[in-house]
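Scroll down for the structure; my scribbles are underneath it.
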Amino acid sequence: MSAQAPARALVAWNATRGKAVATRVATADDAGSRSKGLLGRDGMDDGEGLWIVPCPMIHTFFMKFPIDVLFLDRDLTVRRVLEGLKPWRLSPWVFSAHSVLELPGGSLRGSVAAGDRLEMRPS
């Protein structure tokens, strides 16, 4: 049995505005990691993010902190922005979204808008 190398963090770069959205983005791209998401955590650090692929909607049931959320299409164009999504909420279903980038609550402050294009770069 071979040990898998830990996944490398990504940088979520806003190509439209020329600045980083998050500098340490983990990817949840299998059933287990998508189901777990941020559950069981007490918060997120500045610059941290979780990119959930595929994912057109989320919930914050059992979470302990609010998050900012970017819904992205297959080209990583922002389709919808939710800032300050509180625990115990459901997001809307964003039919055009293929993935979601979850960020610490209060980190966006209007810095990303629908139509912005992101890039996921190696850190």
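The values are calculated or read from the model by the stated rules, or taken from the named source; none is laboratory data. Every value quoted in this text rests on a predicted model; they were computed, and no experiment measured them. Positions of Cβ are backbone-derived with ideal geometry, glycine not excepted, and every protein chain shown enters the neighbour counts.
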**Prompt:** Is it true that some residue in the range 79-99 is of a type outside the set (G, A, S), crowded, with 18+ Cβ neighbours inside 10 Å, closer than 18 Å to A9 by Cα and under 14 Å from the mean Cα position of the chain (by Cα)?
**Reply:** no
**Fill in**
Checked the range 66-123 for anything part of a loop (DSSP other than H, G, I, E, B), touching a Leu at 6+ places or on another chain (Cβ under 8 Å) and of a type in the set (K, R); matches are none
**Residues of the range 1-39 satisfying the condition of being assigned to a loop (DSSP other than H, G, I, E, B), at pLDDT 95 or above, small (G, A, S) and in contact with a strand residue (DSSP E or B) (Cβ under 6 Å, 6 or more places away or on another chain)** = A15
**Asked** List pairs: first in the range 94-122 and of a type in the set (V, I, T), second part of a loop (DSSP other than H, G, I, E, B), Cβ under 6 Å, 6+ apart or cross-chain?
**Response** V94/P56; V100/C55; V100/I58
**Request:** For the range 40-62, name all the residues that are in a strand (DSSP E or B) and either surrounded by 18 or more Cβ atoms within 10 Å (Cβ to Cβ) or of a type in the set (D, E, K, R) (or both).
**Result:** E48, G49, L50, W51, I52
**Item:** Pairs, first modelled with pLDDT of 95 or more in the range 67-85, second of a type in the set (D, E, K, R) and outside any strand (DSSP E or B), C-beta under 9 Å, six or more apart
**Value:** I67/K86; D68/R109; L70/D116; T77/D116; V78/D116; R79/D73; V81/D116; E83/R109
